[in-house]
Amino acid sequence: MEILGATLRICVDDLETAVPFYERLAGGTALRFERGGVKVAAIGSFLLMSGPEAELEVLRKVTATIAVKDVEEAHRLLADLGAQIIAGPVPTPVGRNLLVMHPDGTVFEYADQSGA
């Protein structure tokens with residue numbers, strides 16, 4: 001499995017207020033989308049999320065998003081290593097993702113960009 005990088009997941013109260021800070025910090029423009037009532041802005045290595053508390057409560061349990069070359073390959077390897085597959089792989093607006101709990105209890109999202 002080839003890991004391409006990681007994205008820090010940050011839940012914010014007000015996305016519109018937070019985005020300009022992170023755009024200047026990361027030196028880029030936010031890619032915005034909405035999923036399940038949660039507004040999301042991806043900026044460099046940051047993934048900002050804002051929305052209903054019930055949705056954010058679940059999202060806060062995911063430590064980070066790990067970009068991989070192929071989610072299917074990650075799925076096979078993680079399952080072989082004894083990780084618990086929580087959800088996926090499923091399509092997203094930018095590729096596919098997989099939620100996994102590592103044997104130590106840490107939850108990660110694995111994502112690729114191989115078509116939605």
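The values are calculated or read from the model by the stated rules, or taken from the named source; none is laboratory data. Computed from a predicted structure; not experimentally measured. Glycine gets a Cβ as well: all are built from the backbone with ideal geometry, and neighbour counts include every protein chain shown. All accessible areas refer to the heavy atoms of the entire protein, side chains included, with ligands and DNA or RNA removed. Shrake-Rupley method; radii C 1.70, N 1.55, O 1.52, S 1.80 Å.
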For this session: With everything on Cα atoms, drop me the angle between helix 15-26 and the longest principal axis of the chain, reported from 0 to 90° to the nearest 10.
Result: 70 degrees
Seminar exercise, completed: GluC sites (Glu not before Pro) in the range 5-43 lying in a DSSP loop, each with at most 11 other Cβ atoms within 10 Å of its Cβ, come to none
Exercise. How much accessible area per residue does the chain have, in Å², with a 1.4 Å probe?
Worked result: 58 Å²
Seminar exercise, completed: Contact order relative to length for the chain, counting C-alpha pairs under 8 Å separated by 6 or more residues, stands in percent at 25 percent
Seminar exercise, completed: For the range 1-109, the accessible surface attributable to carbon and sulfur atoms (probe 1.4 angstrom, ligands and nucleic acids excluded) amounts in percent to 55 percent
Exercise. So in the chain, what percent of DSSP beta bridges are antiparallel if you round to the nearest 5?
Worked result: 75 percent
Problem set entry | Distant alpha-carbon pairs in the range 75-116 (separation over 11 angstrom), percent | 61 percent
Exercise. Considering every Cα-Cα pair within the chain, what fraction, in whole percent, is farther apart than 22 Å?
Worked result: 32 percent
For this session: With a cut-off of at most 14 other beta carbons within 10 Å, and DSSP calling the residue loop, which trypsin sites (Lys or Arg not before Pro) in the range 9-106 qualify? Please list them.
Result: Arg60, Lys61, Lys69
For this session: Could you rank Ile66, Ile85 by how accessible they are, 1.4 Å probe, largest area first?
Result: Ile85, Ile66
Exercise. Which angle between 0 and 90 degrees, to the nearest 10, do you get for helix 71-80 versus the longest principal axis of the chain when only C-alpha atoms count?
Worked result: 50 degrees
Exercise. Mind checking which of Ala26, Ala41, Ala74 has the largest fluctuation in a GNM of the chain, springs on alpha carbons under 10 Å?
Worked result: Ala26
